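So the structure is just underneath, and the comments pick up after that.
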Amino acid sequence: MRTRLIIVFLVPMTVILLALGGAYAWSVARSIQQEASSQQLGDLGYFLTGARQALRVGNPEVVEDEMRRYSELYDTSIAVFDRSGALWASGERQPDAADEELTELIGLALSGRRSDPTPAVLPWSYGETLTVEPVFDDGNVIGAVTISASADTPRGEILAHWLSLIAVFALIIALLFIAVIRLASWVLRPMLRVDRAMAAIEHGEMDARIADDTGPPEMQRMIRVFNQMAEEIERTMSRQQEFAMNASHELRNPLGALLMRVEYLSTGLDPAWDPEVEKTREEGRRMSRILETLLNMARTGQTDSSFVLVDLGELAEDRARAWADVAAQAHVSIDVSSDDSVLSLTDRTSVESALDAVIDNAVKFAPPETSIDVSVQHDGEGCVIAVRDRGPGLDPAEQEQVTNRFWRSTRDQNVPGSGLGLAIATDLLESLGGSVQISDPEGVGLRVALHLPGRAKG
């Protein structure tokens, strides 16, 4: 985020500075060139007067001495051409220009017109600047004067100014970069602390708080609200843990007493009741395991899972038999189908509890004289236990909410229930690395699929 913030601030500023710097650099180059051109034109005007006098009397020596001294002093070439375009007088240094260019400019001057302005001089420019002026006498052109000088001097001045400008702008950009980094850190540091605190709470550190509330006023206010929310969450979790411990005490004792009562009563029953007594014992033991699992989830958010190789087909058959009497009272049958050898390395108690919650929900909403289909299948790299009923089903919006705790459809308020069954099943499956999927097959009833990761074939 800090990188994006720096880019957002720094890039536009850099672009603006570069645009302003480029305009200023061009202005400096033009100013230096114009100054050099003005100096050159001033010197040319001086030699125009001398050339006019020399051409009148026909004696080049009138101006050659002066041209020679000027050429030696300023390393500049001065030359006078007569009406025919022939070189008539010059200093020791001859004009350093291409013959064609020089001939063209002289021809232009002898026709009575000045040469075009000198091209722009830039740091990478080389060669000479050349200016040609006609010599007039009583309105008639009697010759032309040329002045040419190396572009090194203005080019050097322009380069020096540009380098200074680059250094200044580099310093400005560096200072802006430092300022933007400090600003980004000032803005983002509180956000990073909030992010770390949220991650700590997510990992179970409910006492995580943000001590430092520096930064923008908006961030300070957010930090205060976050700390208040964290304190409220911690209080809520503490109350939940207290409830779990109280519930553990209140439920364990009656359940233990119930199992002892079953053992006492079994001593007076006919041996023919032994299978039913054993089923009752097993259900009691299973209820104890479920209680421990649910209470551990309430305390820590995690199940104390014991992973073993479970035959999901056998498990589904077992739970279907356990719910057969309840289903019969509702005039509903439970049919189980299974692929061969659907084995999964998972926690049996958690899967049983999740499947019980789904079957319980299906029995509640299945119309009389219908069947509930329980299928166990291989699903790619995993396994799936699907429970389908023929009840009223749910629309897509309701399917997204059905796994929320305490949610119930407005159409089913008269059906007994707490709205926790599918929510508990979802929590249990997610604790095993699985998932719950809700669908309405062919628009009839509801299909709840318990997906378990990984499988093993016997």
**Study point:** Residue count for segment 72-84, restricted to those that are within 30 Å of GLU157 (Cα to Cα) and outside any helix (DSSP H, G or I)
**Key:** 6
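So that you can scan it fast, the table gives a plain yes or no per residue for (1) among the acidic types (Asp, Glu); (2) surrounded by 12 or more Cβ atoms within 10 Å (Cβ to Cβ); (3) assigned to a helix (DSSP H, G or I):
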site: GLN33; (1), (2), (3): no, yes, yes
site: SER37; (1), (2), (3): no, yes, yes
site: LEU41; (1), (2), (3): no, yes, yes
site: PHE47; (1), (2), (3): no, yes, yes
site: GLY50; (1), (2), (3): no, yes, yes
site: ASN59; (1), (2), (3): no, yes, no
site: GLU64; (1), (2), (3): yes, yes, yes
site: TYR70; (1), (2), (3): no, yes, yes
Review point. Considering only residues of segment 167-204 that are of a type in the set (Val, Ile, Thr) and touching a residue at least 24 places away in the same chain (Cβ under 8 Å), which is farthest from MET229 (Cα to Cα)?
Key: ILE172
Revision key, fill the gap. The condition from (1) farther than 24 Å from PRO275 by Cα; (2) surrounded by 16 or more Cβ atoms within 10 Å (Cβ to Cβ); (3) at pLDDT 90 or above that LEU315 misses is numbered (1)
**Study point:** Test: VAL342 is touching a Cys at 6+ places or on another chain (Cβ under 6 Å) and in contact (Cβ under 8 Å) with a residue 40 or more places away in the chain
**Key:** yes
Check your understanding: Could you count how many residues in segment 230-243 are within 14 Å of ALA200 (Cα to Cα) and hydrophobic (A, V, I, L, M, F, W, C)?
Key -> 2
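The values are calculated or read from the model by the stated rules, or taken from the named source; none is laboratory data. In this text, all values refer to a predicted model and were calculated from it rather than measured experimentally. Backbone-built Cβ (ideal geometry, glycine too); neighbour counts: all protein chains shown.
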